[in-house]
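**Q** Before we start, here is the structure in question, set down as structure tokens.
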Amino acid sequence: MLGRANAGFTDFSFLPDTLFLTWQRDPTTTMTVQWVGHAGEHPDIFFSAVQSPLARFGPGGGSAVWSAAHTTARPFPYTDLLVFRAELTGLTPGTEYQFRIGSHAENYRFRTMPTKATNGLSFVSGGDCGVNSHAAAVNVLAARQDPHFAVIGGDLAYDNGISPQAVLGFLRNYSRYMVDSAGRLIPMLACIGNHEVIGGYAKSREAAPLFLSLFDGLFRDHTFATLDFGDYLSLVLLDSGHVAPIGGEQADWLGKSLKDRAERPHVFAVNHVPAYPSYRPADSTGAGNRQFWVPQFEQHNVDIVLEHHDHTFKRTHPLRGGHVHPDGVLYLGDGSWGQIRAVNGPESRPYLAATGQAYHVSLHRLEGNHRYHMALDESGKIVDVCSSTKRPMHRRPGGYRHAIASRPRPN
Ligand SMILES: [Fe+2]
Ligand SMILES: [Fe+2]
């Protein structure tokens, strides 16, 4: 079932089971509502700020002011279904909102992101989900942390560009479980992985029809993008060679995007294939990342890189050129939201600081200029904790010899 609708009545109740929130632009003042449903299910979205009890009884209080946002529909590939999308704009930062799909349907809630991270902000990250019971259990665990949002770094549904049923299963799991303890929907951001693409690597946008039917609001022209939260947090979402080549245009864009954000207190890069793998061979995995991206991460003061694809838990030491360095970049991963493999540990890979063979999600908390990173396994046990803060700038250009000699072969 994709939803319950009774279009014969004006006050129909409509509960799409694939409903989720995401962003196309500024998370402090916008929110995008999406679901997959049948033709004809395109009522407008009505939304309003949730009034505090005090405001309700104050002068002029008593009733919320509702605004409407128009819903658009686009094909959901390989099916007769449609992807419905409405962007709510002009919102007040740091505010709780309610919305309805249709005029008298059930209310859902969300919160806009604050303009300043003065009171702390947290989000969860991971990758490589799928639709099994472990992925669902990690959803429950992730939601229990009450994050402001979730970032999934590729291999979301394992649709391989051809299975709409896998995407629907993934969205149902996300929609059902990714709700915080106050009943607010937890927005989802994602970057592309090999299992979003027919053939996995070096293909065109047409080879990722299902992923892009959901996320082309953010990835409109390219499969890489930045998202800035006020003046305190930037996410740089990258394509590790699935549609866009790692070098060339994407690398040029990355350098400029990072340079513009070098002074921000929190800059996270998010990509799928890791530069510093914990399962796959180190010399042939992530060679493009190490050649084109790592020197830029270091030069432009990226704080954290979230990488995935290897289906393990890993934390690297702070690294510069693949060597442990006190002012290095921290790489966290490695994509085990719902998939798992045996792991190579620090004894065989000196760049690794901690590893584990566990389904896991990472919780990141930003407080002023400080960051706290916690890895939780499927049972809720804390398996790793670390903190980080902005490093001094090292304006050293690339061109050094990296600790890992790379063999140029496909990942
Ligand atoms: Fe994967
Ligand atoms: Fe992957």
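The values are calculated or read from the model by the stated rules, or taken from the named source; none is laboratory data. Quick caveat: nothing in here was measured; it's all calculated off a predicted structure. As a convention, Cβ positions derive from the backbone with ideal geometry for all residues, glycine included, and neighbour counts pool all protein chains shown.
**Q** Test Gly153 against the criterion of being within 16 Å of ligand 2 (Cβ to nearest atom) and either under 22 Å from Leu376 (Cα atoms) or in contact with a His (Cβ under 6 Å, 6 or more places away or on another chain) (or both), and give yes or no.
**A** Yes, satisfied.
**Q** Restricting attention to segment 178-192, does a residue exist that is surrounded by fewer than 22 Cβ atoms within 10 Å (Cβ to Cβ), out of contact with any strand residue (DSSP E or B) (no Cβ under 9 Å at 6 or more places or on another chain) and in a helix (DSSP H, G or I)?
**A** no
**Q** Looking at segment 231-271 only, could you name the residues that are acidic (Asp, Glu), within 19 Å of Phe219 (Cα to Cα) and more than 18 Å from the chain's Cα centre (by Cα)?
**A** Across segment 231-271, the qualifying residues are Glu249, Asp252.
**Q** Only one of (1) touching a residue at least 60 places away in the same chain (Cβ under 8 Å); (2) closer than 24 Å to Leu121 by Cβ; (3) part of a helix (DSSP H, G or I) fails for Ser257. Which number is that?
**A** Here Ser257 clears every test but (1).
**Q** Shifting gears a bit: Of these, Ser175, Ser125, which one is assigned by TED's automatic domain parsing to the domain that holds Leu306, at pLDDT 95 or above and closer than 19 Å to His309 by Cα?
**A** Checking each option against the conditions leaves just Ser125.
**Q** Right, here's the next one. Go through (1) in contact (Cβ under 8 Å) with a residue 60 or more places away in the chain; (2) surrounded by 23 or more Cβ atoms within 10 Å (Cβ to Cβ) for His323 and report which single condition fails.
**A** The single condition His323 does not satisfy is (2).
**Q** Check every one of the strands (runs of 3 or more DSSP E) wholly within segment 302-411 and list those with 1 or more residues that are under 18 Å from Thr285 (Cα atoms) and under 18 Å from the mean Cα position of the chain (by Cα).
**A** 304-306, 313-316, 330-333
**Q** Considering only residues of segment 156-174 that are crowded, with 21+ Cβ neighbours inside 10 Å and not hydrophobic (A, V, I, L, M, F, W, C), which is nearest to ligand 2 (Cβ to nearest atom)?
**A** It comes out as Tyr158.
**Q** Mind listing whichever residues of segment 118-135 are within 14 Å of ligand 1 (Cβ to nearest atom) and outside any loop (DSSP other than H, G, I, E, B)?
**A** Scanning segment 118-135 gives Gly126, His134, Ala135.
**Q** Let me ask something else about it. Within segment 136-155, is there a residue that is surrounded by fewer than 24 Cβ atoms within 10 Å (Cβ to Cβ), in a loop (DSSP other than H, G, I, E, B) and in contact with a helix residue (DSSP H, G or I) (Cβ under 7 Å, 6 or more places away or on another chain)?
**A** Scanning segment 136-155, I find no residue that is surrounded by fewer than 24 Cβ atoms within 10 Å (Cβ to Cβ), in a loop (DSSP other than H, G, I, E, B) and in contact with a helix residue (DSSP H, G or I) (Cβ under 7 Å, 6 or more places away or on another chain), so the answer is no.
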